[in-house]
Amino acid sequence: MGGPLGSYGAYARFYDATQGDRAGHATYIRSLLKKHHPRANTVLELACGTGSILEQLQSSYDVTGVDLSEQMLAIARKKLPGVRLVRSDMRTFDLGERFDAVLCVYDSINHLTQFRDWEAVFRRAREHLNDGGIFLFDINTVHRLASSSGAPPMVQWFGDGDMMVIAIVDAPRGAVDWEINVFERVRGSTYRLHLDVIREASFPTERIRAALRKRFTRIWTYDARRARPSARTDRLHFVCRA
Ligand SMILES: C[S@@+](CC[C@H](N)C(=O)[O-])C[C@H]1O[C@@H](n2cnc3c(N)ncnc32)[C@H](O)[C@@H]1O
């Protein structure tokens with residue numbers, strides 16, 4: 001059982017149980033927001049998914065979310081009653097409103113496999129920012145995708161005897177496919193398989209910086225695990241000032 005490529009149609013139902021509340025990442029994002037825009041009030045998250053990050057930021061910010069997956073948004077709506085959550089494509093959305101910060105995290109931008117789509121997101125983010133506002137996003141680096149592809153599958157038990165197996169395999173034009181297999185325990189040793197395939201691509205940091213420089217006045221990069229980013233950085237955070 002699975003949805004169209006990258007729809008999260010099958011995986012949405014299991015996302016929170018397998019990814020947890022994402023508190024560590026939310027704390028890191030909050031620290032970057034505080035450092036670069038201490039007076040920010042309004043935050044828009046692109047590709048907000050089930051709303052885990054927004055849920056943790058909503059005590060400090062007026063939050064809004066955009067995502068393409070109806071299944072992910074349905075879960076977010078239950079967690080964030082009263083919050084504006086819009087089903088739209090982050091490459092083309094137009095909310096007719098500006099924010100102090102725009103976020104796009106947990107390698108959501110890697111879900112776009114063409115660089116012109118990344119540039120479309122940069123344009124939409126800039127259009128939705130107040131002057132002096134910040135666009136904060138993270139990526140799985142080229143290094144991370146290349147080193148994960150073909151590695152032994154990751155296995156995670158969760159819930160009441162449910163199991164997730166993720167295999168990362170090569171896809172065309174340098175992309176990789178995350179094959180997410182969820183074995184939902186129905187009863188005893190009977191399982192139902194839910195399969196979603198999420199394609200990701202990445203691009204060299206210098207190419208990303210060059211595209212960002214056309215639209216933002218300053219760009220900073222961070223690796224949460226190191227004092228500064230290196231060739232071995234797996235997840236790179238960008239902070240860009242409008
Ligand atoms: C890994 S999840 C991240 C969710 C959330 N940001 C978090 O940190 O938990 C990636 C999300 O990107 C969304 N997505 C993928 N392509 C999209 C697009 N073109 N426009 C909007 N959302 C998209 C998916 O529906 C999914 O919810």
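The values are calculated or read from the model by the stated rules, or taken from the named source; none is laboratory data. The model shown is predicted, which means the values in this text are computed figures rather than measured ones. FYI the Cβ positions are ideal-geometry reconstructions off the backbone, even for glycines, and counts take in every protein chain you see.
For region 53-82, the tally of residues that are of a type outside the set (V, I, T) and not in a helix (DSSP H, G or I) stands at 12.
Taking each residue of region 66-82 that is within 8 Å of G51 (Cβ to Cβ) and looking for partners that are of a type in the set (A, V, I, L, M) and within 9 Å of the ligand (Cβ to nearest atom) with beta-carbon atoms closer than 8 Å, six or more apart or interchain, yields I75/A12; A76/L54; L80/L54. Quick check: anything in region 24-40 in contact (Cβ under 8 Å) with a residue 60 or more places away in the chain, in contact with a helix residue (DSSP H, G or I) (Cβ under 9 Å, 6 or more places away or on another chain), over 18 Å from I198 (Cβ atoms) and not hydrophobic (A, V, I, L, M, F, W, C)? No: zero hits. Answer with yes or no whether L103 is under 11 Å from the mean Cα position of the chain (by Cα), within 15 Å of the ligand (Cβ to nearest atom) and either over 16 Å from R30 (Cα atoms) or aliphatic (A, V, I, L, M) (or both). So L103 passes the test. All but one of (1) surrounded by 16 or more Cβ atoms within 10 Å (Cβ to Cβ); (2) farther than 17 Å from A12 by Cβ; (3) touching a His at 6+ places or on another chain (Cβ under 8 Å) hold for V182; which doesn't? Just one mismatch for V182, condition (2). In region 146-173, what residues are of a type in the set (V, I, T) and closer than 13 Å to A201 by Cα? Residues satisfying the conditions are I168, V169. Just one of (1) assigned to a helix (DSSP H, G or I); (2) out of contact with any Lys or Arg (no Cβ under 7 Å at 6 or more places or on another chain); (3) buried (at least 17 other Cβ atoms within 10 Å of the Cβ) fails for R209. It is (3).
The criterion of at least 3 residues that are modelled with pLDDT of 95 or more and not aliphatic (A, V, I, L, M) is met, among strands (runs of 3 or more DSSP E) falling completely within region 97-204, by 99-104, 129-140, 154-158, 176-187, 190-200. For A26, the conditions (1) within 9 Å of the ligand (Cβ to nearest atom); (2) small (G, A, S); (3) farther than 25 Å from L236 by Cβ; (4) surrounded by fewer than 20 Cβ atoms within 10 Å (Cβ to Cβ) are fulfilled apart from (3).
When restricted to residues that are closer than 21 Å to E97 by Cα and either assigned to a loop (DSSP other than H, G, I, E, B) or within 9 Å of the ligand (Cβ to nearest atom) (or both), region 35-52 contains 11. Tell me, which residue of region 129-174 that is under 18 Å from the mean Cα position of the chain (by Cα) and under 30 Å from T42 (Cα atoms) is surrounded by the fewest Cβ atoms within 10 Å (Cβ to Cβ)? My answer is N140. Select from region 1-21 the residues that are within 9 Å of the ligand (Cβ to nearest atom) and modelled with pLDDT under 95 and write down the one among them that is nearest to H194 (Cα to Cα). Per the stated criteria, the residue is Y8.
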